[in-house]
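This report refers to the structure that appears directly beneath it.
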Amino acid sequence: MKQFFARGLVVMAGVVSLPASFSHLTHRSATAVPVPHEDSRLGTLRSFFREIDCPALDYAATFLEAADDNDLDWRLLPGIAYVESTCGKVAQNNNLFGWNSGRTDFPSPAAAIHTVAHRLTHSPLYRNKGVDEILATYNRNAEYAQKVKSVMQRIAASE
C-alpha cells in the first residue's frame, strides 16, 4: 500500500509540475473524441509503423487525433517524426519531432504529438500555412520538405 501511495505522489508531482507550454493538453484530452477504429487512416498508419518497426505504433490514434484537432494533414506529423527520429527510434526525452532542435523534453510521446500539432496550427510562425510553408519554417534545409513529403506519400497517396 505504501508503494502504491508513493507512486501516486510521484505521478501527482509530475502532473503538478507540467510546464505551462503543455497546459493546453489537459483541457484537450478531456474533450477529445477518439478516432473510430473503423477509420481507414488508422489501419494505414499502423501498417506503415509496423513496416518500419516503429516505436510510435502505439500512438497511431494519437497522431490522427492531434491532426484532426488541429486541422493538419494526418500524414504530416508521422512524416516529420520519421525524418526527425525514425518515429521514435532515436528520440530522446519523448521528443519524436526534434522540436526546438531536440532540446525540448516532453512528459510523454502523446504530449509531444499534441503539443507539436497545436504549435503547427496556432503559433504565429506556422498559423495559416500549408504543408510546404510549414515544413519550410520547421526546417530551413532545402531538402527537408521533400524528405517529409516523400514519407507522407509512402504512408498514403495524397487525398
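Every read-out reported here was derived from the displayed coordinates using simple, explicitly stated rules and does not represent laboratory data. Because the structure is predicted, anything quoted here is derived from the model rather than measured. Every residue, glycine as well, gets a Cβ built from its backbone with ideal geometry; the counts of neighbours run over all protein chains shown.
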Open item on the list: Shape verdict for the range 39-155, please, from the Cα gyration tensor: rounded (a/c under 1.5), prolate (a/b greater than b/c) or oblate.
Closed with: rounded
- [ ] Evaluate the distance, in nm, between pseudo-label points positioned 7 Å from the Cα of Arg46 and of Tyr126 along their respective Cα→Cβ axes.
- [x] 2.6 nm
Task: Net charge of neighbours whose Cβ lies under 10 Å from the Cβ of Asn95, counting Lys and Arg as +1 and Asp and Glu as -1 - done: -1
- [ ] Using Cα pairs closer than 8 Å and at least 6 residues apart in sequence, work out the relative contact order for the range 27-159, in percent.
- [x] 22 percent
